[in-house]
Amino acid sequence: MRRRTPPPPAPLPQRDGVDPVRVRLPYGGTWATVREHLVERLTGAAPGMIESMFGSGRIVGADGRAVAPDAPYEPGMFVWFHRELPAEVPVPFPVEVVHRDAHIVVADKPHFLATTPRGSHVAETALARLRRELGIPTLTAAHRLDRLTAGLVLFTVRPEERGAYQTLFRDRRVRKEYEAIAPYDPSLDLPRTVRSRIVKERGVQAAREVEGEPNAETYVELTEHRGGSARYRLVPATGQTHQLRVHLNALGVPILGDPLYPEVAAPVPAGDFRRPLQLLARRLEFTDPVTGAEHTFVSGRVLQAWESYDSWAGRS
């Protein structure tokens, strides 16, 4: 087996809090030049974009020097470049910093803001914003929240410590509590622990429950209700994609503002920040793997549909 060579440090600085793209040329293949491979690999690029980037010297090697358009293909070689940032509508809500020290930053993310760059959300993400606002280019997310979910996210400051914090989540040594606003069903027997098998297929927006060994577990508790709405406390023991949204939907009380459950809704226009998903990562508790400190962080956000349903629903 061929041993993978660890990537060298990026020769390009961040731009708007976003790292340059790194591409490692694979072993095998019949490409004669680096350009041929990138044209074939980056099929989503605009026509002529790769040639333009080579022509302007924007694709560089590990030494920071521009790679020539006719540079021969070298298996295992790394190249870097900055992607053309998509036009993004600014998310008009702040990222609140709950805690900051030499090792971690805990942020209270608003609805509609992605945690890390992905797809059409790049500079308008919590990570890129915090890198710019705090002046910490090494900041990295230890875990993620869905773009539509608000609440607490843990970021690491030092690259060499990132793995220790990510391991906390992998080994389920972080206690996470969420809050959701959903319909009230007096016949629903709560509290209870919901267990099921959830699968999320690539290219399909919604996850689904299937028969088989459970891989998702959520403790669900009713905390209060008024009118036709209720507040639910959710404590996940696992972290499957859309787990909380799927489990509440399966109980017959889908979270208010959910565009995927029970049915996939038509996409809303960019810049439509009405009726946010009423799901909040309320609490994080863990023992710091670097300092040994016991941490408890609580979001200061209030879910709008509970504070004023009419305002959230656009009736006032």
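The values are calculated or read from the model by the stated rules, or taken from the named source; none is laboratory data. Just so it is clear, the model here is predicted, and its values are computed rather than measured. Cβ coordinates were reconstructed from backbone atoms using ideal geometry, including for glycine residues, and neighbour counts include every protein chain displayed. Just so you know, the surface numbers come from the protein's heavy atoms only, side chains and all, with ligands and any DNA or RNA stripped out. Shrake-Rupley method; radii C 1.70, N 1.55, O 1.52, S 1.80 Å.
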Check: What about Arg226, is it closer than 21 Å to Arg175 by Cα and not hydrophobic (A, V, I, L, M, F, W, C)?
Finding: no
Margin query: Tell me the residue from Gly55, Gly48 that is open to solvent by 60 Å² or more (accessible area, probe 1.4 Å) and out of contact with any strand residue (DSSP E or B) (no Cβ under 9 Å at 6 or more places or on another chain), please.
Written below: Gly55
Check: Taking strands (runs of 3 or more DSSP E) that do not extend beyond the range 48-153, which have at least 3 residues that are of a type in the set (Val, Ile, Thr) and at pLDDT 95 or above?
Finding: 104-109
Check: Between a first residue in the range 9-29 that is more than 23 Å from Arg129 (Cβ to Cβ) and a second residue that is open to solvent by 40 Å² or more (accessible area, probe 1.4 Å) and among the polar types (S, T, N, Q), which pairs have beta carbons less than 9 Å apart while being 6 or more apart in sequence or on different chains?
Finding: Arg24/Thr5
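Conditions tested, residue by residue: (1) touching a residue at least 40 places away in the same chain (Cβ under 8 Å); (2) open to solvent by 70 Å² or more (accessible area, probe 1.4 Å); (3) over 24 Å from the mean Cα position of the chain (by Cα).
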residue	(1), (2), (3)
Glu209	yes, yes, no
His225	yes, yes, yes
Ser229	yes, no, yes
Val246	yes, no, no
Ala265	no, no, no
Gln278	yes, no, no
Arg283	yes, yes, no
Thr291	yes, yes, yes
Thr296	no, yes, no
Check: When residues of the range 63-81 are filtered for being of a type outside the set (D, E, K, R) and open to solvent by 60 Å² or more (accessible area, probe 1.4 Å), how many remain?
Finding: 4
Check: Across the range 307-316, what is the total count of residues that are touching a Leu at 6+ places or on another chain (Cβ under 9 Å) and surrounded by fewer than 20 Cβ atoms within 10 Å (Cβ to Cβ)?
Finding: 2
Next item on the list: Report whether or not Tyr184 is of a type in the set (Phe, Trp, Tyr), open to solvent by 60 Å² or more (accessible area, probe 1.4 Å) and either at pLDDT below 95 or closer than 27 Å to Val268 by Cβ (or both).
Entry: yes
Checklist line | Qualifying positions in the range 154-176 - open to solvent by 30 Å² or more (accessible area, probe 1.4 Å) and either in a strand (DSSP E or B) or of a type in the set (D, E, K, R) (or both) | finding: Arg158, Glu160, Arg162, Arg170, Asp171, Arg172, Arg173, Arg175, Lys176
Next item on the list: Only one of these is without any contact (Cβ under 8 Å) to a residue 60 or more places away in the chain and surrounded by 15 or more Cβ atoms within 10 Å (Cβ to Cβ): Ala107, Ala102. Name it.
Entry: Ala107
Check: So which residues in the range 182-211 are touching a helix residue (DSSP H, G or I) at 6+ places or on another chain (Cβ under 9 Å) and either within 16 Å of Gly228 (Cα to Cα) or of a type in the set (Val, Ile, Thr) (or both), if there are any at all?
Finding: Ala182, Val194, Ile198
Check: Are there any pairs, at least 6 apart or on different chains, whose C-beta atoms fall under 9 Å, with the first in the range 74-91 and over 20 Å from His121 (Cα atoms) and of a type in the set (Gly, Ala, Ser) and the second at pLDDT below 95 and open to solvent by 50 Å² or more (accessible area, probe 1.4 Å), and if so, which?
Finding: Gly76/Arg2; Gly76/Arg4; Gly76/Thr5; Gly76/Tyr27
Notebook entry, point to check: So which residues in the range 132-153 are of a type outside the set (A, V, I, L, M), at negative phi and open to solvent by less than 20 Å² (accessible area, probe 1.4 Å), if there are any at all?
Noted result: Thr149
